[in-house]
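A.B. asks: First the structure, then my questions, so here it is.
Bear in mind that the values in this text are calculations on the coordinates, not laboratory data. Remember, it's a predicted structure, so these values are computed and weren't measured experimentally. Neighbour counts are summed over all protein chains in view; Cβ atoms, including those assigned to glycine, are modelled from backbone coordinates with ideal geometry.
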Amino acid sequence: MFGDMMGMMDKLKEAQKKVEETKTRLNSVLIDESSNDSKLKVTITANRTIKSIVIDDELLEDKEMLEDYLILTLNKAIEQATSVNEAEIAAVAKEGMPNIPGMDMFK
C-alpha cells in the first residue's frame with residue numbers, strides 16, 4: 001500500500017514537471033491572427049503574451065475603427081491561444097496522472 005502511494009506521488013511530481021516544461025515550451029508557440037481584411041495582424045504566444053501588432057496606415061486615421069479592430073482581432077487570437085494552451089496542458093497532465101479510481105478529470 002505504502003509503495004503504491006510513493007509510486008503515485010512520484011508520478012504526480014513527474015506530471016507536474018512535464019506540465020511546467022510544456023508551459024515554458026508554449027512561450028515559443030506563436031499564433032498569428034488577422035482581421036478579415038488583413039488591416040490588422042497580431043502575433044501572440046500560446047501562453048497569451050502579445051509578440052507583435054501590425055496596423056495598416058488606413059486604420060490610424062480612425063481611432064474608433066482601430067479600437068474595434070484591436071478588440072476583435074486580439075480576442076480571436078487569445079481564444080485560439082487558450083485552446084492550444086489548454087489542449088497541450090491537458091494532454092501532458094493526463095499522460096502523467098496515476099490511475100486513481102474516481103479521479104478521471106481529464107477525459
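A.B. asks: By how many nm would the segment from Lys17 to Glu58 grow when fully extended, if each residue of separation counts as 0.36 nm and the alpha-carbon distance is taken off?
C.D. replies: This chain segment gains 10.1 nm when fully extended.
A.B. asks: Could you work out how far helix 63-96 tilts from the main Cα principal axis of the chain, as a 0 to 90 degree angle to the nearest 10?
C.D. replies: That works out to roughly 20 degrees.
A.B. asks: Shifting gears a bit: So what's the angle, to the nearest 10 degrees on a 0 to 90 scale, between helix 2-25 and the longest Cα principal axis of the chain?
C.D. replies: 20 degrees
A.B. asks: Compute the Kirkwood hydrodynamic radius of the chain, taking the inverse of the mean of 1/r over all pairs of distinct Cα atoms, and give it in Å to one decimal.
C.D. replies: By the Kirkwood definition, the hydrodynamic radius is 16.2 Å.
A.B. asks: How large is the helix-only mean residue ellipticity at 222 nm for the chain, computed as the sum of -39500 (n - 2.57) over DSSP H runs with n ≥ 4, divided by its residue count, in deg cm²/dmol to the nearest 500?
C.D. replies: -19500 deg cm²/dmol
A.B. asks: Taking the chain as a Gaussian network, where each spring joins two C-alpha atoms under 10 Å apart, which residue of Leu12, Leu74, Leu60 fluctuates the most?
C.D. replies: With Cα springs under 10 Å in the chain, the top fluctuation among Leu12, Leu74, Leu60 is at Leu60.
A.B. asks: A follow-up question, please. Using a simple spin-label model with points 7 Å from Cα along the Cα→Cβ vector, what separation in nm is obtained for Thr43 and Ala91?
C.D. replies: 2.3 nm
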